[in-house]
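S.K.: One structure coming up, written as structure tokens, with questions to follow.
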Amino acid sequence: SHPALKYHRIVLKLSGEALSGADGGFGIQPDMLGNLAAELAEVHALGVQIAIVVGGGNIFRGLKGSAAGMDRAQSDYMGMLATVINALAMQDALEKANVPTRVQTAIQISQVAEPYIRRRAIRHLEKGRVVIFAGGTGNPYFSTDTAAALRAMEIHADALFKATKVEGVYDRDPARFPDAEMVTKMSFDRFLTERIGVMDSTAATLCRDNGLTIRVFKMATRGNIKRVVFGDPIGTIVEA
Ligand code: UDP
């Protein structure tokens, strides 16, 4: 691998919106996927071991279903299945960019993906395959952010890369306060109180309690993933 890398094994959390291309957008935009895959191919070529956790919010979100009267657990299982659709789309795009991949799901869907097996996932990474984790944690009432934190700890990733719509974590909601300022470095405790809109508290708590470094940065800026793997201080760094 490249000698100047700061992070050698990463978990990248992509929300469903990263695949739909628009804020609150629905479905999958093939050109968004193509751009993302090209960027990931560059990072992969540096020798970075990449695991991806995909969200499903561009297709279905459990909370929305339950707000409309559905049973929450039932609705959450639908959300987990949505992440599988995104994972297969991401896999297709990566393979078109000549990056070898495996999809592992937390809910068995054995015709299209492997089941999640921790040791096997690590082996794939060591062999240079990008592993896409789908189905979240496999449990309702959780989020794919929590799945990303959990998988990152399980595979001993150096950091959790959380790609977002904004540049990082702000001291106030940047959508409401135009003078909100981005914080470049913060402690886990501060992150827990100010992470609103970036990550849910279950995911954030898991990162804090296990000292998992989080790098929050803007998804839409081409080259950002590469900047972060080289340790450029962009976005927000959350660490002990
Ligand atoms: N989900 C779940 N358990 C998990 C992960 C996800 O039940 O461990 C469901 C939940 O309903 C969620 C949906 O899957 O709304 C899609 O995931 P998420 O909202 O995290 O996707 P994102 O916001 O990242 O697109």
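The values are calculated or read from the model by the stated rules, or taken from the named source; none is laboratory data. Computed from a prediction, not measured in an experiment: that's the story for all the values here. Cβ: placed from backbone, ideal geometry, glycine included. Neighbour counts: every protein chain shown.
S.K.: Just checking: which of the helices (runs of 4 or more DSSP H) contained wholly in segment 1-114 hold 2 or more residues that are modelled with pLDDT of 95 or more and under 20 Å from Lys165 (Cα atoms)? Spell out the reasoning first.
M.R.: Numbers: elements: 17-20, 30-45, 62-67, 72-96.
Fully inside segment 1-114 and qualifying: 30-45, 72-96.
S.K.: What do you reckon, is Arg123 charged (D, E, K, R), away from the ligand (no atom under 16 Å from the Cβ), modelled with pLDDT of 95 or more and assigned to a helix (DSSP H, G or I)?
M.R.: Yes; evaluated as a whole, the condition is true for this residue.
S.K.: Given the conditions (1) surrounded by 15 or more Cβ atoms within 10 Å (Cβ to Cβ); (2) without any contact (Cβ under 8 Å) to a residue 60 or more places away in the chain, which single one is not true for Ser187?
M.R.: (1)
S.K.: Sticking with this one: More than 20 Å from Leu40 (Cα to Cα), among the hydroxyl-bearing types (Ser, Thr, Tyr), within 14 Å of the ligand (Cβ to nearest atom) and not in a loop (DSSP other than H, G, I, E, B): is that true of Thr146 in this structure?
M.R.: yes
S.K.: Kindly indicate whether Tyr77 is near the ligand (Cβ under 10 Å from one of its atoms) and either buried (at least 16 other Cβ atoms within 10 Å of the Cβ) or not aromatic (Phe, Trp, Tyr) (or both). Lay out the reasoning, then the answer.
M.R.: Working: near the ligand (Cβ under 10 Å from one of its atoms): yes; either buried (at least 16 other Cβ atoms within 10 Å of the Cβ) or not aromatic (Phe, Trp, Tyr) (or both): yes.
Yes, satisfied.
S.K.: Which condition from (1) within 27 Å of Ala22 (Cβ to Cβ); (2) outside any loop (DSSP other than H, G, I, E, B); (3) over 14 Å from the mean Cα position of the chain (by Cα) is the one that Ala163 breaks?
M.R.: With respect to (1) within 27 Å of Ala22 (Cβ to Cβ); (2) outside any loop (DSSP other than H, G, I, E, B); (3) over 14 Å from the mean Cα position of the chain (by Cα), Ala163 is out only on (3).
Quick grid of which residues meet (1) closer than 12 Å to Gly56 by Cβ; (2) among the β-branched types (Val, Ile, Thr):
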site	(1), (2)
Asp71	no, no
Tyr77	yes, no
Ala87	yes, no
Asn98	no, no
Val103	no, yes
